[in-house]
Amino acid sequence: MEDQKYRLSPTTWTIFILNLICILSNSPADGATAGADTSSSLSTYVIQVRKPTDKHLATTEDLDTFYRSFLPATIAGSNQEQRMVHSYRHVLSGFAAKLTAKEAKAIGEKDGVLDVRPETVLPLHTTHTPNYLGLHRGVGLWEDSNYGKGVIIGLLDTGIFPDHLSFSDEGVPPPPAKWKGRCNFNRTSCNNKLIGARSFTDLSSSAAPYDDMGHGTHTASTAAGAFVKDASVFGLANGTAVGIAPLAHLAVYRVCTIDGCTDSAILAGFDAAIEDGVDVLSVSLGYEVQPPFPLDPIATGAFAATQKGIFVSCSAGNKGPSSNTLSNGAAWILTVGASSTDRTIKATVRLGNGQEFDGETLYQPRDFKPAQHPLVYSEGSGDDAPGKVNVLDFEFGFNRVRLGQTVKDAGGVAMILANYPASGYTTFADPHVLPAAQVSYVAGTEIKKYIKTASAPTAAILFKGTQFNGSFAPAVAYFSSRGPNSISPGILKPDIIGPGLNILAGWSSPIDNSTNKKRAFNVIAGTSMSCPHLSGVVALLKSAHPDWSPAAIKSAILTTAATSNAKGQPIVDEARRPGSIFATGAGHVNVSKAVDPGLIYDTKLTDYVPYLCGLNLSNKDVSLIVQKEVSCSSIESIPDYQLNYPSITVNFERLGSNVSVKRTVRNVGPANSRYKSVIEPITGIGSIDVSPRELVFTKANETISYTVNFTRKASPQAVNAQGAITWVSAQHSVRTAVAVLFKGSGGL
């Protein structure tokens, strides 16, 4: 079956792959959906039970027997094995099983059962970037971190194509002694780079996680791919492809198929990764609408991982540019938005009147002459396509390559995709099937104006290849989901932005005319792509600072983030307006500075239970997340904005006109250090008082607390505002981003 798939023509295969990308990496899908269920049909349910205290239930076999005791008596013998889908050890106390609705109800009534819910399906959020991020051979963080050597990055995704050159283990040492995982590929595919590979989408526990979609191969090679010379697609974006942490190990857990990612498989992936001993988990998937944390398998799985010292990086989602759209907003997760880079794969539209507008396309045929052709705006069926350049409107979620195939089938010469207003200046470099260019909304408006006013409008497309000029980079990609954080408003999300637009990385099969699968690459976009960039950065920091906690590493990334672009101006959004803090988070990842932050905010693991109680969750809900009995009435809860987080969010509508916030920092710079506070003014705030105004450290790892008192003006006009409090020493600048909400949820 797999061999037949690769015999598709390049054009058909390209359309198929781009359709998958559109659906699974970029499209605004209808959200997580529960599997079909009637009273008699079998569906998968996740069952959470009270954690057993019997010490004799230490082995996997003992736990399986214990979990099966909750199945109805009507399910007996070998039928039990067929019904059991997953048994969990770390992410929760419980299991997943195929049940009828009647059976699920019966289990829910048993003593010791805490929760029974039908499984849901989550979508995926889906060369040059290491250099763009300041990573260069032999110097800087790559040298200081030894390229991530010894760190294990786990990925929950669609699997991997193991024979890709990006997964060569040249120069990679054997995995550390703590590694307990297994690789279900054959011995030639498993190596010191790819040390773990398991599938949780198949019935067999020994199934190999082959990637039949490309997404998992792309994210894995982005995070930790080896150096591959002369990487390109259609001869463009040519260069040496390499992951962010090229000497790190990879462990891949297939939890997604073309149908999406079930929460039972996601929990199983988390469970296995914790048991196996990964250091970093990269998760490029999530809900379209953030559910409460107890019902979110990523939030609960990540919590269990964090308790074991594992750093969890997740994509923010692709529902932007609307506000309140992000997912994976738990405080113990690094939530990553998407930005552009300084590389464009340029195609210029030249109108008959001499005007030119730059756009992008990955398909740039050398035999296409830049001659003027009749130009038409195809608002409807495309009946006017033959022999003409067709202008079509593009809205996010449309299959861009399929639109081009429609034009080509109708006899069109070329296609111009004009962005809708919401897309702004964000353009995609797609492997189109005909000469094409995607242009900004502003450019599209001018082109359509020319069509209306010219007596015989014409246009040509000039292909200019790969260019590095992005003066507005990094800019927030329009699809990148935005805050505020709907579940925990006092925690700023997204945390950070990183490269996620037009990213070249490994792919599971060629999309051009090549037959060499080992050198297959693709250029795609989504927060699915930005997440593994940050996962790779975390691996480098973990290698450089093996004693740092996940919270400390997150703090280093956030407090050193860049807030200006290549022009030295504030980072902009898709409309080239200054980006809101709910789009950028703390800013754009600044790799070279993150390794030496000076001060860090180190959230204690024990603080998360008081924090959860502070969200007004029930005792049952908190207990489901932390896997132990919790009584919030006996705990001094922590309001979310008071968690020792490396950013500050103040909601005056919730808290009144005066708000006091406390933070504690730890000195990881020179033992004798003096920091002075620098306050960035915030619109609508009457006063900001920091006490003390100076922090004086006399030894390494010393901690000092400070408070910030915010007083709003009588009648602020803005819905929200932003600023920062920066601690400055002779050697370091530690920026703490501040988000302020005056009204409602802070819609942008």
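With respect to being open to solvent by 10 Å² or more (accessible area, probe 1.4 Å), at negative phi and in a strand (DSSP E or B), ILE679 fits the description.
Residue-wise test of (1) within 23 Å of LEU558 (Cβ to Cβ); (2) open to solvent by less than 10 Å² (accessible area, probe 1.4 Å); (3) touching a Lys or Arg at 6+ places or on another chain (Cβ under 8 Å); (4) among the charged types (D, E, K, R).
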{"site": "GLU653", "(1), (2), (3), (4)": "no, no, yes, yes"}
{"site": "THR664", "(1), (2), (3), (4)": "yes, no, no, no"}
{"site": "LEU695", "(1), (2), (3), (4)": "yes, yes, yes, no"}
{"site": "SER705", "(1), (2), (3), (4)": "yes, no, yes, no"}
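For the range 288-299, a tally of residues being of a type outside the set (A, V, I, L, M), open to solvent by less than 10 Å² (accessible area, probe 1.4 Å) and either in contact with a helix residue (DSSP H, G or I) (Cβ under 8 Å, 6 or more places away or on another chain) or not in a loop (DSSP other than H, G, I, E, B) (or both) returns 3.
For the range 565-614, a residue qualifies if it is farther than 28 Å from SER145 by Cβ, assigned to a loop (DSSP other than H, G, I, E, B) and touching a Leu at 6+ places or on another chain (Cβ under 8 Å), and exactly one does: SER580. For the range 375-383, the criterion of being in contact with a Ser or Thr (Cβ under 9 Å, 6 or more places away or on another chain) and within 26 Å of SER232 (Cα to Cα) is met by none of the residues. Only one of the listed residues (PRO646, PRO639) is open to solvent by less than 20 Å² (accessible area, probe 1.4 Å), under 27 Å from TRP332 (Cα atoms) and at pLDDT 95 or above. That residue is PRO646.
Determine whether PHE396 is more than 15 Å from ILE461 (Cβ to Cβ), at pLDDT 90 or above and either in a loop (DSSP other than H, G, I, E, B) or open to solvent by 40 Å² or more (accessible area, probe 1.4 Å) (or both). In short, no.
Against the criterion of being in a helix (DSSP H, G or I) and touching a Phe, Trp or Tyr at 6+ places or on another chain (Cβ under 8 Å), TYR641 does not qualify.
Please specify each residue of the range 361-391 satisfying the condition of being in contact with an Asp or Glu (Cβ under 8 Å, 6 or more places away or on another chain) and open to solvent by less than 50 Å² (accessible area, probe 1.4 Å). Break it down into steps so the answer makes sense when it comes.
At the first step, the residues of the range 361-391 found to be in contact with an Asp or Glu (Cβ under 8 Å, 6 or more places away or on another chain) are 361-363, 376, 378-379, 390.
Hits for the range 361-391 are THR361, LEU362, VAL376, SER378, ASN390.
Selection of strands (runs of 3 or more DSSP E) fully inside the range 458-564 by the criterion of at least 2 residues being under 30 Å from THR603 (Cα atoms) returns 496-499.
Go through the range 715-729 residue by residue and tally those that are under 17 Å from ILE704 (Cβ atoms), out of contact with any Phe, Trp or Tyr (no Cβ under 8 Å at 6 or more places or on another chain) and of a type in the set (A, V, I, L, M). Give the steps one after another, and end with the answer.
Taking the range 715-729 first, the residues under 17 Å from ILE704 (Cβ atoms) are 725-729.
Next cut, out of contact with any Phe, Trp or Tyr (no Cβ under 8 Å at 6 or more places or on another chain) only: 725-726.
Then drop every residue that is not of a type in the set (A, V, I, L, M), which leaves 725.
Adding up the residues that qualify gives 1.
Of the residues in the range 465-474, not one is of a type in the set (A, V, I, L, M, F, W, C), touching a strand residue (DSSP E or B) at 6+ places or on another chain (Cβ under 6 Å) and either over 29 Å from ARG577 (Cβ atoms) or open to solvent by less than 10 Å² (accessible area, probe 1.4 Å) (or both). Scanning the range 407-449 for residues that are crowded, with 20+ Cβ neighbours inside 10 Å, assigned to a helix (DSSP H, G or I) and not charged (D, E, K, R) returns VAL407, SER423, TYR441, ALA443, GLY444, ILE447. Residues in the range 58-89 that are open to solvent by 60 Å² or more (accessible area, probe 1.4 Å), at pLDDT below 85 and in contact with a helix residue (DSSP H, G or I) (Cβ under 6 Å, 6 or more places away or on another chain): 0 in all. Can you confirm whether the range 339-352 contains a residue that is part of a loop (DSSP other than H, G, I, E, B), crowded, with 24+ Cβ neighbours inside 10 Å and more than 12 Å from the chain's Cα centre (by Cα)? Yes, the range 339-352 contains a residue that is part of a loop (DSSP other than H, G, I, E, B), crowded, with 24+ Cβ neighbours inside 10 Å and more than 12 Å from the chain's Cα centre (by Cα).
Check the range 77-88 and report whether any residue there is in a loop (DSSP other than H, G, I, E, B) and of a type in the set (D, E, K, R). No; the residues of the range 77-88 include none that is in a loop (DSSP other than H, G, I, E, B) and of a type in the set (D, E, K, R). Within the range 274-287, the set of residues being crowded, with 24+ Cβ neighbours inside 10 Å and among the aliphatic types (A, V, I, L, M) comprises VAL278, VAL280, LEU281, VAL283, LEU285. Taking GLY317, is it in a loop (DSSP other than H, G, I, E, B), on the phi > 0 side of the Ramachandran plot and open to solvent by 10 Å² or more (accessible area, probe 1.4 Å)? For GLY317, the condition - in a loop (DSSP other than H, G, I, E, B), on the phi > 0 side of the Ramachandran plot and open to solvent by 10 Å² or more (accessible area, probe 1.4 Å) - is not met. Residues that are assigned to a loop (DSSP other than H, G, I, E, B) and either more than 22 Å from SER315 (Cβ to Cβ) or open to solvent by 10 Å² or more (accessible area, probe 1.4 Å) (or both) within the range 220-238 comprise ALA226, PHE227, PHE234, GLY235, listed in sequence order.
Among all residues of the range 260-273, there is none that is assigned to a loop (DSSP other than H, G, I, E, B) and open to solvent by 30 Å² or more (accessible area, probe 1.4 Å). The residues of the range 99-117 that are open to solvent by 40 Å² or more (accessible area, probe 1.4 Å) and more than 23 Å from PRO291 (Cα to Cα), listed by number, are LYS102, ALA106, GLU109, LYS110, ASP111.
The values are calculated or read from the model by the stated rules, or taken from the named source; none is laboratory data. What you are looking at is a predicted structure, and each value in this text was computed from that prediction instead of being measured. So basically every Cβ, Gly included, is an ideal-geometry build from the backbone, and we count neighbours across all protein chains shown. Side chains included, ligands, DNA and RNA excluded: accessible areas come from the protein's heavy atoms. Shrake-Rupley method; radii C 1.70, N 1.55, O 1.52, S 1.80 Å.
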